[in-house]
């Protein structure tokens, strides 16, 4: 596949690559985990007293989620080691991953994402530095074998955490509500751990710049760390390596060099527009907005071109919206198009660009939504030939402002009452549901909802917010096993954005 | 345990550490192995055409046994890699190890000796360099997982073989007998691959300097590579770090620093004397022989002190002799003492030292052997309270020269006819059996025997001679599974010594 490469943009992106902040953390406790729960915890001071021989294991708890690099200092006890140490490392973002069995995993994503390593150590004392980066709170170490003549003692464990930002730079959310306070902290930690060379989706998996995640991370970042350059870098990466037709890809690889993935998502490409607008508004960096306007404009043109003769976005536009299986994406994608046209018009006007074409198309697109996707009897939007009713369709049409605020309120009320089978599975979709409440002025409902969703995750022990969360089925995974789920995921980090922006 | 350390000796040993010779080897074929046998072989040229995805494996055959370091060059095919590669490496000195299952291993030695590694590769193209050293002919690579979007291609594989000697420096054994020719070559390769920083017992396992192996390697070395300095280095290592009572240990660790193992073996400690004598005779290095004479003398004194009131070596002297379970070591150890006294007397006389004490003790010890360990009715030596008859006892008493040549011939004939249950299990013991034939002038029998034993290993496909070989039970292992056996083992390397010294 050919790409549209703009070397000047990529050079700007490269120049903005952040110097990561490093911080050393040591384990806080030795724990025992059974069936995914910490059932026993003891002082880390005893680690140095433990001798590990064949089959012995120890699980360390670092007390919080970190992203970075592990170093172990090991010495031997007994006779002189007469065979190598064969050792397994298992990293868990949460306790569940420690007891999940990776050999049993047979899901759709690569087993290689499971954070395990096997090493041999030939000479003691040894300083073992694993070269790869891990996302973790828990670390299980198993001495698969030493020899009958010696055991090992772990003298020192350190984890060099990395992030593009200093934790303390994130500020705080002042409130008397302990749950909201905690939700803000967990959001901030999620964001911090996802902010690396780029805004990653998840530091465990996929460790990559996805535009849907970037949009939400950038919003949270403006309310917290205000690391504008990292957003700017990501904008230039997406603009600098695009699909042949000019479309911004859904995600970008940066190693060994910048390379746009083959995946195109209709909604994700359009979000380039809103990310650029948000960035300009937050940073005041007009030069970047002006330089990237043409790319944003092109995304709108591509978005508009995916409409049928009625002016409705086609069913197979390639939109993402949510992981929900069976979700018909037509109405949701149409909502995203209207939403993005509005953002594009705003951005164009700020830059003094001619946006008359988009204004005309906005009118037509809203009219098509009302005419072909709205069911007046149900007072809900329907999607596709089978007129599917979903959360995603209503939420995006509300965010698109197809109707007035009062009707939007009625839509959401009706939606919640109906609670259609096509519900929401990702925090990403749940975020937009909350934003829909805020869009129609229902702040109380928005707050109640984030408490019931992200607040529930906090109560379930989240140190960072998870990629997937269904309060009704907490081990749910679209990947065949929750062991492959990401438990620090960018698109879940928005409570800090919502709380600080709308509830301060 | 305190050690007797002589820093000057250790400095001499350090100064003699060899610069290893490096040579790059590439795989010669891709093979399929079933039940430990190569059942199919195809051109290595096709490796670069193969795409390996989830679960795919390929087995490479390097055509001969090598010791060293692996480098792979890998690129990806398909979409941009969106997940790490999770890959397993399995090295086999022979084909059997490739199909043996390491998870099933539950033997007495550490599983860590099994040459397997698991790695993750995050960025492609990748140059994967494994940092540990391996001993192998076969390499099985398994792509445990890539991702549904990409596969890997192995562009280039190289193995940097290392040894203290150049293969070509070993010379050759000129003969019209193809089997003997091959046995010489396999011996030479075994020796070459065991000659590293020290004379190792086996480059797969234990990778360590054992005195019993050193003695035989040194003899083979004098007929082939003539790397006198490596023997000298090993003598200084054993002399430089001894047990508190002055005894030479059975083996020496050299990493992270020189350290004598806690294991003491009665016969092995005495062999320091014969190694020093052999070294002096081969190299003419009188200064070393003179400097280490005191250590050799001390080993004889310690050996003599382990006799009972009758002048017979005690049953639990700690001799090794052979791996044979149930073997009573008394008579064999007594034979080694006599043998070593003779070597010590020779060495002392060459150096102009007073050896009268040893001459007196030699007479006494021979007399004790005849009086208490000889069964005149059986015309065989018996060992221990239960008067056990074994190969080891007869062989060492013959090598000790307790009786005259004719009686010795009768002993061996009687032994072979009786074929006692206490037979020989290691090539090490078999070597001494051959030497016993040579000692009593029966060259034909010696040659027949090495052909039937080492020759059989050659016919079984040995590239290097094995640690253990029972022609009647070829998968036998004292360790619970042959997967842990060493298939390039120093104490098996003596056909080149025997052929070149006695049959040239």
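Read-outs throughout are calculated quantities, based only on the coordinates presented, and are distinct from any laboratory measurement. From a predicted model like this one, the values you see are computed outputs, not experimental measurements. Note: ideal-geometry Cβ built from the backbone for every residue, glycine included; neighbour counts use all protein chains shown.
Annotation: peptides B:316-327, A:214-225, ranked by per-residue average of other Cβ atoms within 10 Å with the highest first, follow the order A:214-225, B:316-327.
Taken residue by residue and averaged, Cβ atoms of other chains lying within 10 Å of the Cβ of B:122-133 number 2. Against the main long axis of the alpha-carbon atoms of chain A, helix A:178-194 sits at an angle near 80°.
Computed over the range B:380-504, the convex hull of the alpha-carbon atoms projects to a mean area of 8.4 nm². Sorted shortest first, the distances from the residue A:21 label point to those of the same residue in the other copies are 5.8 nm; each point sits 7 Å from Cα along Cα-to-Cβ. Could you work out the relative contact order of the range A:23-160? I mean the mean sequence separation of Cα pairs under 8 Å and 6+ apart, divided by the number of residues, in percent. Here the relative contact order equals 43 percent. Taking every residue in A:109-119 and counting other chain Cβ atoms within 10 Å of its Cβ, the average works out to 6.
The rotation axis taking chain B to chain A passes closest to the C-beta of one chain B residue; that residue and the distance in whole Å read B:118, 2. Sorting B:300-311, B:418-429, A:61-72 by average packing, meaning the other beta carbons within 10 Å per residue, from highest down gives A:61-72, B:418-429, B:300-311.
The per residue volume of the convex hull around the alpha-carbon atoms of chain A is 152 Å³. In nanometers and ordered shortest first, the copy-to-copy spacing of the residue B:419 label point, defined 7 Å from Cα toward Cβ, is 8.3. Between the beta carbons of residue A:379 and residue A:459, assuming R0 = 51 Å, the FRET efficiency works out to 0.90 to the nearest 0.05. The mean sequence distance of close C-alpha pairs (under 8 Å, at least 6 residues apart), as a share of the length of chain A, puts its relative contact order at 18 percent.
By the gyration tensor of its Cα atoms, with a ≥ b ≥ c the square roots of the eigenvalues, what is the shape of the range A:23-160: rounded for a/c under 1.5, prolate for a/b over b/c, or oblate? Prolate, because a/c is 1.5 or more and a/b exceeds b/c. Each of residue B:102 and residue A:504 was given a label point 7 Å from its Cα along the Cα-to-Cβ line. The distance between the two points is 5.4 nm.
Per residue of peptide B:148-159, the mean number of Cβ atoms on other chains within 10 Å of the residue Cβ is 1.
Per-residue extension of 0.36 nm, minus the Cα-Cα distance of residue A:176 and residue A:414, leaves a gain of 82.4 nm for this segment. Relative to the dominant Cα principal axis of chain B, helix B:330-351 is inclined by about 80°.
Beyond 17 Å, what share of the Cα-Cα pairs of the range A:48-95 is found? Please give it as a whole percent. The proportion of pairs with Cα distances above 17 Å equals 47 percent. Compared with the dominant principal axis of the Cα atoms in chain B, helix B:228-240 is inclined by about 70°. Seen from every direction in turn and averaged, the convex hull around the alpha carbons of the protein assembly as shown projects onto 46.6 nm².
Ranked from shortest, the separations from the 7 Å Cα-to-Cβ label point of residue A:174 to its equivalents in the other copies are 9.9 nm. Note on the range B:229-379: the C-alpha convex hull projects to 10.2 nm² when averaged across all orientations. Among B:446-458, B:372-384, B:332-344, sorting by the average number of other beta carbon atoms lying within 10 angstrom of each residue, highest first, gives B:332-344, B:446-458, B:372-384.
Spatially, the range B:33-110 and the range A:38-107 are offset by 28 Å when compared through their Cα centroids.
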